[in-house]
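Just so you know, all these numbers are worked out from the coordinates, no wet-lab data involved. Bear in mind that the values here come from a model prediction, so they are computed numbers and not experimental data. Don't worry about glycine lacking a Cβ; one is built from the backbone with ideal geometry, like all the others, and counts go over all protein chains shown.
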Amino acid sequence: MTKKAFIFDLDGVIVDTAKYHFLAWQNLANSLGISFSSAQNEQLKGVSRIRSLEKILEWGNKTISKEEFTTLMAKKNEEYLNYIDTMDVSEILPDVPRILDFLLTKEQGVALGSASKNARIILDKVQLKDKFHAIVDGTNVSKAKPDPEVFLIGAEELKIQPKDCIVFEDSVAGIQAANIANMVSIGIGDPKILHEADYVFKDFTEIKEEFINQLVTTERN
Ligand code: BG6
Ligand code: MG
């Protein structure tokens with residue numbers, strides 16, 4: 001049986017930080033006189049900080065200088081860091097530790113594949129760093145999801161072929177990235193939003209160990 005790699009997104013999959021990204025972007029957009037809906041927020045999930053600000057400015061039809069752009073990115077991150085400052089293990093989403101531990105017991109590869117440059121800070125806060133054989137985050141990639149770079153680097157670090165990788169994602173961009181990489185894509189969230197995924201679950205409490213066993217034993221081309 002081929003060993004598999006399970007690649008986890010961070011924000012919105014392992015911890016509920018997606019809500020903090022939303023609040024910080026919404027405040028920033030509003031301060032620029034740009035409205036920001038939760039439907040627009042869906043389009044920013046999984047997307048890098050730079051690309052997110054570019055999109056918000058496009059939606060608001062706003063052009064700003066390079067300096068102002070840098071200042072706004074720093075402002076958004078400062079507010080985001082304030083939100084995550086008090087995070088602890090209680091913010092780990094339900095049953096994430098159960099699935100991580102099950103995979104480790106089964107000696108499968110486990111990696112993080114996140115667009116966030118704050119990923120390591122958050123993993124430290126929720127004390128999950130030692131559950132991952134590889135951590136690939138926004139500091140390791142140059143191309144934002146839906147580009148599959150972040151997941152392909154994860155696969156390479158674990159020395160597992162992309163076809164033998166399974167990705168857990170809460171964002172449309174991330175599901176697309178996994179599909180482009182020829183990995184199994186598992187959406188965590190709303191099936192209507194994540195309809196491009198191979199499977200969708202509301203959260204990890206819905207994922208049974210038999211399902212993981214089936215992913216481990218199924219050979220793909
Ligand atoms: C992704 C989030 O995981 O990371 C996005 O879904 C966020 O909302 C992106 O913009 C970059 O995160 P950070 O922490 O580097 O600004
Ligand atoms: Mg996410």
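Worth a mention:
- Pair-distance distribution P(r) for the range 18-84, from all Cα-Cα distances in 10 Å bins starting at 0: 21, 63, 16, 0 percent.
- Relative contact order (%) - criterion: Cα under 8 Å, at least six apart; region: the chain: 26 percent
- Highest GNM mean-square fluctuation among A74, A134, A173, for the chain modelled with Cα contacts below 10 Å: A74.
- Phi angles across the range 185-192 convert, under the Karplus curve 6.51 cos²θ - 1.76 cosθ + 1.60 with θ = phi - 60°, into 3J(HN,Hα) values of 9, 10, x, 10, x, 8, x, 5 Hz, Gly and Pro given as x.
- Per-residue [θ]222 nm for the chain (sum of -39500 (n - 2.57) over DSSP H runs n ≥ 4, rounded to 500): -13000 deg cm²/dmol
- Cα gyration tensor shape for the chain, rounded if a/c is under 1.5, else prolate or oblate: prolate
- The range 31-102: trypsin sites (Lys or Arg not before Pro) in DSSP loop, at most 16 other beta carbons within 10 Å: K62
- The angle between the Cα long axis of helix 49-59 and the main principal axis of the chain comes to about 50°, on a 0 to 90 degree scale.
- In degrees, nearest ten, helix 18-31 long axis to first principal axis of the chain (Cα): 10 degrees
- Mean-position separation - Cα centroids, the range 1-70 and the range 137-151, in angstrom: 14 Å
- Using alpha-carbon coordinates, inclination of helix 66-84 to the longest axis of the chain, degrees: 60 degrees
- Mean separation of Cα contacts under 8 Å, 6 or more apart, over the residue count of the range 18-84: relative contact order %: 47 percent
- Working note: Karplus 6.51/-1.76/1.60 with θ = phi - 60° gives the range 148-158 the couplings x, 3, 4, 6, 5, 5, x, 4, 5, 4, 8 Hz, where Gly and Pro are set to x.
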